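The values are calculated or read from the model by the stated rules, or taken from the named source; none is laboratory data. These numbers were taken from a predicted model, which means no experiment stands behind them. We place every Cβ from the backbone using ideal geometry, glycine too, and count neighbours over all the protein chains shown. The accessibility values were calculated without ligands, DNA or RNA, using every heavy atom of the protein model including side chains. Shrake-Rupley method; radii C 1.70, N 1.55, O 1.52, S 1.80 Å.
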Amino acid sequence: MITLSALALALPLMGVGVVKPEPSWREALHHQLPLLGHRNWIVIADSAYPWQTSPGIDTVETGADQLEVTKAVLAALGHTTHVRPTIYLDAELPFVPEADAKGVQAYRRDLAKVLGKHKATSLAHEKIIAKLDETGKTFHVLLLKTKLTIPYTSVFIQLDCGYWGDAAEKRLRDTMKKAGH
């Protein structure tokens, strides 16, 4: 009788690769979040979101509810000190009619609750995808694909430095300019 551990040792020797199970989306978020910094992105996408090919875009299938994933990502970001979220939503979302996308009204209402105090900026879907594609050439994007089947519902989170804000950056640049740099 062959044990599982003996089989695991023998398969590589026989030229058979051992398939490791994919990490869960929560594990991927937990492991990648400390590595992410400003200019990285986290995307919580609907189920029809395309699999982008830029090398820095890591797509993870969640099999989960989109609002659940969004809530978990925002909670995780709320416990970090090194990054803060800048949220983008598709500009098309407010115009998607209930007649064409059953559940969109409830989704918009529930998303507003999940986002809470976080301000969201609207940008055309194609512009966001192009921005992610370009970002993925240099920086890492964690894309968490959900089972939601309502169009234009992806939540795009660009990460900014959590301990250095826009006002501090402006003061720094002004000081440098005055010094001739």
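Is the chain best put as rounded, prolate or oblate by its Cα gyration tensor, with a ≥ b ≥ c the root eigenvalues, rounded for a/c under 1.5, and otherwise prolate when a/b is larger than b/c, oblate when not? Oblate shape, in that a/c is at least 1.5 and b/c is the bigger or equal ratio.
Output the peptides 92-104, 128-140 sorted from most to least packed, where packing is the average of other Cβ atoms within 10 Å over each peptide's residues.
128-140, 92-104
In the context of the full set of protein chains, residues of the chain present 62 Å² of accessible surface per residue (probe radius 1.4 Å, heavy atoms only).
Spin-label model, residue 127 to residue 109: label points 7 Å out along the Cα-to-beta-carbon direction sit 3.0 nm apart. Here the dipole of the stretch 35-145 is about 520 debye; that uses its Cα centre as origin and unit charges on the Cβ of Lys and Arg (positive) and Asp and Glu (negative). Across the chain, C-alpha contacts under 8 Å between residues 6 or more apart give a mean separation that, scaled by the residue count, equals a relative contact order of 41 percent. Could you tell me whether the stretch 50-103 comes out rounded, prolate or oblate from its Cα gyration tensor? Rule is a ≥ b ≥ c as square roots of the eigenvalues, rounded for a/c under 1.5, then prolate if a/b exceeds b/c, otherwise oblate. Verdict is prolate for the stretch 50-103.
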